[in-house]
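Notes follow the structure.
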Amino acid sequence: MKRKNSTNSYTKVLTIISGFIANYNFNRQVNQMKKMINSIGILKKLTFVAFPVFIIHVLLFNVNLITGKESDFYYSIPQLYGLFFMLSSVILITVTKISEKNFNNTGMVFMIATSIKMAVAFFLVKPILHLEGNKIEKNNFFIIFILFLLIETILVAKILNKK
């Protein structure tokens, strides 16, 4: 008789432990989903601002006054938007992940990532700076750079103000 009770108590204990493990794994999966949703949400915000500006920018270059100027550009408008969108996405996802793990380092990570982005932008703009008489392309590059920097800064400020 004692053996039957002890086996039942072992079974009960194992059932309770497996329930805790299953609950822990479920909670962990839910937390991972929330983190992924945060990253997707911040990319939606970036897209929501950048895509309409991109469309307007492309339409401006299809106006009769500046038609044909884009063909002389070292980097096309879609290339620049694509590059800066990717860089901004990486920065924003990194900052979001860091803010979830160690919020105190969020600002520093943003500053370091932005500095790296500026270095990449410098090496990209270097050939454009040496071109003669293509002021539109230089302005174009810096406007796109500043646009994405502004979007990043606003989104990261919102992340920092949440806590």
Taking the stretch 72-87 and the residues there that are at pLDDT 90 or above and surrounded by fewer than 19 Cβ atoms within 10 Å (Cβ to Cβ), the one that is farthest from Phe48 (Cα to Cα) would be Leu83
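Out of the residues in the stretch 123-139 that are part of a helix (DSSP H, G or I) and not charged (D, E, K, R), state the one that is modelled with the highest pLDDT.
Checked the stretch 123-139; the qualifying residue modelled with the highest pLDDT is Phe123.
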Sole residue being within 14 Å of the chain's Cα centre (by Cα) and either farther than 29 Å from Tyr74 by Cβ or touching a residue at least 24 places away in the same chain (Cβ under 8 Å) (or both), chosen from Phe148, Phe103, Phe141:
Phe148
Out of all the residues in the stretch 111-148, which are basic (Lys, Arg) and either buried (at least 17 other Cβ atoms within 10 Å of the Cβ) or within 12 Å of Tyr81 (Cα to Cα) (or both)?
Lys117
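Give me the residue from the stretch 88-110 that is hydrophobic (A, V, I, L, M, F, W, C) and surrounded by 20 or more Cβ atoms within 10 Å (Cβ to Cβ) and, out of that set, farthest from Ile40 (Cα to Cα).
Looking at residues that are hydrophobic (A, V, I, L, M, F, W, C) and surrounded by 20 or more Cβ atoms within 10 Å (Cβ to Cβ), I get Phe110.
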Just a yes or no: is a residue in the stretch 140-160 in contact with an Asp or Glu (Cβ under 8 Å, 6 or more places away or on another chain) and in a helix (DSSP H, G or I)?
no
Take Met36 and decide whether it is under 27 Å from Phe110 (Cα atoms) and modelled with pLDDT under 80.
yes
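The values are calculated or read from the model by the stated rules, or taken from the named source; none is laboratory data. Source: prediction; values computed, not measured. Cβ sites come from the backbone with ideal geometry, for glycine too, and all protein chains shown count toward neighbours.
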